[in-house]
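Contents: one structure, followed by commentary.
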Amino acid sequence: MFQKNTSTVFILSDKIPASFSINCTNKVNIQPLSNVIGILPGKGDLKNEYVVFSAHYDHLGVSKMATGDSIYNGANDDAAGTTAVILLAKYFKALNNNQRTLIFVAFTAEEIGGFGSRYFSTHINADKVKAMFNIEMIGTESKWGANAAYITGYDKTDMGNILQKNLEGKSFHFYPDPYPAQHLFYRSDNATLARLGVPAHTISTAKMEAEPNYHKLSDEVSSLDLENMTAIIKAIAISAQSIISGVDTPTRVNVDDLN
């Protein structure tokens with residue numbers, strides 16, 4: 001999930017200046033970046049309708065301040081989600097019975113403003129996208145412990161209810177986002193398509209008040225709960241089935257209600 005970057009300037013003086021000026025130099029390095037996309041065509045009359053599974057593969061790069069290991073690996077944020085997308089693609093390809101076309105996408109440049117997903121949203125017909133599962137930071141247990149995750153923007157559509165219905169009899173549970181004040185619905189790669197009316201939600205377990213490795217060099221694979229992560233991916237696969245088959249179609253986001 002990306003955050004806005006801000007700068008603060010301190011003026012040290014024994015008098016309040018009447019005016020001041022600041023000069024700064026900003027060096028821009030142009031880099032070619034790409035989203036990585038795989039498509040599994042639908043098998044039936046609904047092949048022109050899409051279900052998107054996504055995550056972002058970028059992170060924070062290399063620290064200039066660290067000694068020793070200076071690479072921000074981003075294992076939870078968001079290699080965990082990218083892993084989920086790859087495994088879901090393999091799973092649904094093996095089933096090979098999807099009625100709607102499935103689009104698996106790993107977005108670039110999420111951390112610096114969601115530019116990959118913004119570009120994607122301008123190159124797809126949003127009316128044809130019937131659901132988007134954006135997967136973000138699922139490598140640790142949620143605030144409810146194991147076998148649980150939350151869905152951002154749960155109240156914006158009935159997609160969460162559909163997913164939970166498909167998990168009836170299972171031990172896994174999807175909850176509404178417990179951090180509404182942080183506006184997570186608008187802070188990940190689901191946001192651009194959601195603003196176009198798509199039932200596009202992020203699935204996460206991130207404890208926003210207590211993730212010790214969030215945006216730190218310590219976000220290593222050794223910090224992940226792989227067993228719980230596997231359970232989450234399986235729950236997504238099971239809960240998505242009725243949407244993929246065309247039995248269920250989530251309600252659209254009312255864009256007039258977005259703030």
Members of region 59-89 found to be over 20 Å from Thr140 (Cβ atoms) and either assigned to a helix (DSSP H, G or I) or without any contact (Cβ under 8 Å) to a residue 60 or more places away in the chain (or both), listed by number: Gly61, Val62, Lys64, Met65, Thr67, Gly68, Ala89
How many residues are under 30 Å from Glu111 (Cα atoms), among the hydroxyl-bearing types (Ser, Thr, Tyr) and out of contact with any Gly (no Cβ under 9 Å at 6 or more places or on another chain) if we restrict to region 9-47? 1
Take region 208-259 and flag every residue that is closer than 30 Å to Tyr72 by Cβ and of a type in the set (Ser, Thr, Tyr). Tyr214, Ser218, Ser222, Ser223, Thr230
Any residue in region 139-154 that is out of contact with any Gly (no Cβ under 6 Å at 6 or more places or on another chain), in contact (Cβ under 8 Å) with a residue 60 or more places away in the chain, buried (at least 17 other Cβ atoms within 10 Å of the Cβ) and under 30 Å from Lys47 (Cβ atoms)? yes
Please indicate, with yes or no, whether at least one residue in region 204-216 is touching a Ser or Thr at 6+ places or on another chain (Cβ under 8 Å), more than 17 Å from Leu102 (Cα to Cα) and not in a loop (DSSP other than H, G, I, E, B). yes
Result of the Cβ filter at 9 Å on region 172-197, keeping first residues that are more than 20 Å from Gly145 (Cα to Cα) and partners that are among the aromatic types (Phe, Trp, Tyr) and at pLDDT below 95, at least 6 apart or interchain, is Arg187/Phe2; Ser188/Phe2; Ala194/Tyr186; Arg195/Tyr186
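Of these, Ser34, Ser21, which one is among the polar types (S, T, N, Q), in a loop (DSSP other than H, G, I, E, B) and farther than 30 Å from Leu95 by Cα? Step through it out loud before you land on a result.
Details: Ser34 fails: farther than 30 Å from Leu95 by Cα.
On inspection, the qualifying residue turns out to be Ser21.
Name every residue in region 98-156 that is among the basic types (Lys, Arg) and out of contact with any Phe, Trp or Tyr (no Cβ under 8 Å at 6 or more places or on another chain), in order of residue number.
Narrowing region 98-156 to residues among the basic types (Lys, Arg): 100, 118, 128, 130, 143, 156.
Passing the criteria: Arg118, Lys143.
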Of the conditions (1) out of contact with any helix residue (DSSP H, G or I) (no Cβ under 8 Å at 6 or more places or on another chain); (2) of a type in the set (Phe, Trp, Tyr); (3) not in a loop (DSSP other than H, G, I, E, B), Phe53 clears all except one; give me its number. (1)
Going through region 232-251 in order, the residues found to be out of contact with any Leu (no Cβ under 7 Å at 6 or more places or on another chain) and either surrounded by fewer than 19 Cβ atoms within 10 Å (Cβ to Cβ) or free of Cβ contacts under 8 Å to residues at least 12 places away in the same chain (or both) are Lys234, Gln241, Ser242, Ser245, Val247, Thr249, Thr251
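Do you know which residues across region 107-130 are of a type in the set (A, V, I, L, M, F, W, C) and touching an Asp or Glu at 6+ places or on another chain (Cβ under 9 Å)? Show your work before the answer.
The first filter runs over region 107-130 and keeps only residues of a type in the set (A, V, I, L, M, F, W, C), leaving 107, 109, 112, 115, 120, 124, 126, 129.
Within region 107-130, Phe107, Ala109, Ile112, Phe120, Val129 qualify.
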Among residues belonging to region 13-59 that are surrounded by 10 or more Cβ atoms within 10 Å (Cβ to Cβ) and basic (Lys, Arg), point out the one that is nearest to Met132 (Cα to Cα). Lys47
Can you confirm whether region 96-109 contains a residue that is touching a strand residue (DSSP E or B) at 6+ places or on another chain (Cβ under 7 Å), of a type outside the set (Phe, Trp, Tyr), within 23 Å of Tyr179 (Cβ to Cβ) and surrounded by 24 or more Cβ atoms within 10 Å (Cβ to Cβ)? no
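Ile162: within 26 Å of Tyr214 (Cα to Cα), touching a strand residue (DSSP E or B) at 6+ places or on another chain (Cβ under 9 Å) and either at pLDDT below 95 or of a type in the set (A, V, I, L, M, F, W, C) (or both), yes or no? Working first, answer last.
Numbers: within 26 Å of Tyr214 (Cα to Cα): no; touching a strand residue (DSSP E or B) at 6+ places or on another chain (Cβ under 9 Å): yes; either at pLDDT below 95 or of a type in the set (A, V, I, L, M, F, W, C) (or both): yes.
No: the conditions fail for Ile162.
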Can you tell me which residue among Glu209, Glu136, Glu168 is surrounded by fewer than 17 Cβ atoms within 10 Å (Cβ to Cβ) and under 23 Å from Ile244 (Cβ atoms)? Glu168
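The values are calculated or read from the model by the stated rules, or taken from the named source; none is laboratory data. Because the structure is predicted, anything quoted here is derived from the model rather than measured. Quick reminder, even Gly has a Cβ in these numbers, built from the backbone with ideal geometry, and neighbours come from all protein chains shown.
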